[in-house]
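Report on the following structure.
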Amino acid sequence: MKKLNLLFIISISLLLFSCDCDTDENHPKNRTITVTGSAAMTVIPDEIVISVTLEEYWPAQFTSNVDPKDYNNKVSMKKIEAGFFKTLADLEIPQDSIILDQTGRRWQYEGKSNLYKSYRISVATFDKADSLIAAMDEYGVSNIRISEVRNKNLTEYRAQVKAQAIRAALGKASALLKAIDERPGKVISINENNYESLGSQWPGSSNNVSMISNTFMGSSGNSNNEDTFRKIPLRFEVTAVFEIK
């Protein structure tokens, strides 16, 4: 019986010893450094999407002291669209850049209603977008705005920013450890913090992005004169854990 108890105690001791060694070897918690790294870029759009809403109207709506029940001679959607498409043709905007987004009816006064239609128009430059917006300053256009800005290489630019954020984390770890004559070793983990300004929604400003990034990458594209708020801001942040050599 004593022999069996002795063997049992020895087995438990060996098991505990084995667990302690495994923890020390595979989980170097006392010899790691945790840092964050971030990077930013501003991208010049190569596609600007403009949303335009057309709506029927009564000329009397724009005349003071006219009771809504006396509204008559409504300007139809057919007539409004004719002028709309002529303006787009004059601006040399191709038909395949124009998409009907939605249509419906708004109830107005005394049971009267107006038909409305919303279109999305894609142009390549802000000069063209500005010309289009200026040309739509007429009755029948109830709303016009820039709704999206895009760039066909946005996926590639995002990848560049993410890589730069990881390099920024390594650089920060190296700088901190240099002060105590240490160096970072292999990476233990990298976690995405999902802090990214996607910039596809309008408007977007990159000013705040550059202020809070510890790495700032130059704008892509050839123009240095674009208004800052007309660029797509991208920012990415990671938290990385490095082993200390």
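Rule-based calculations on the coordinates, nothing more; no lab input. Not measured: the values here are computed from a predicted model. Every residue, glycine as well, gets a Cβ built from its backbone with ideal geometry; the counts of neighbours run over all protein chains shown.
Overview of results
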item: Selected from Ile146, Gln160, Leu176, residue furthest toward positive end of dipole (the range 135-176; charges at beta carbon); result: Leu176
item: Within the range 27-152: Cβ-based charge dipole about Cα centre, in debye rounded to nearest 20 (Lys, Arg +1; Asp, Glu -1); result: 680
item: For Ile44, distant residues with modelled amide H under 5 Å away; result: Ser220, Ile232
item: Using θ = phi - 60° and Karplus 6.51 cos²θ - 1.76 cosθ + 1.60, couplings along the range 111-120 (whole Hz; Gly, Pro as x); result: x, 7, 9, 10, 7, 10, 9, 10, 10, 10
item: Amide H partners (placed H, <5 Å) of Asn193, local residues excluded; result: Glu237, Val238, Thr239
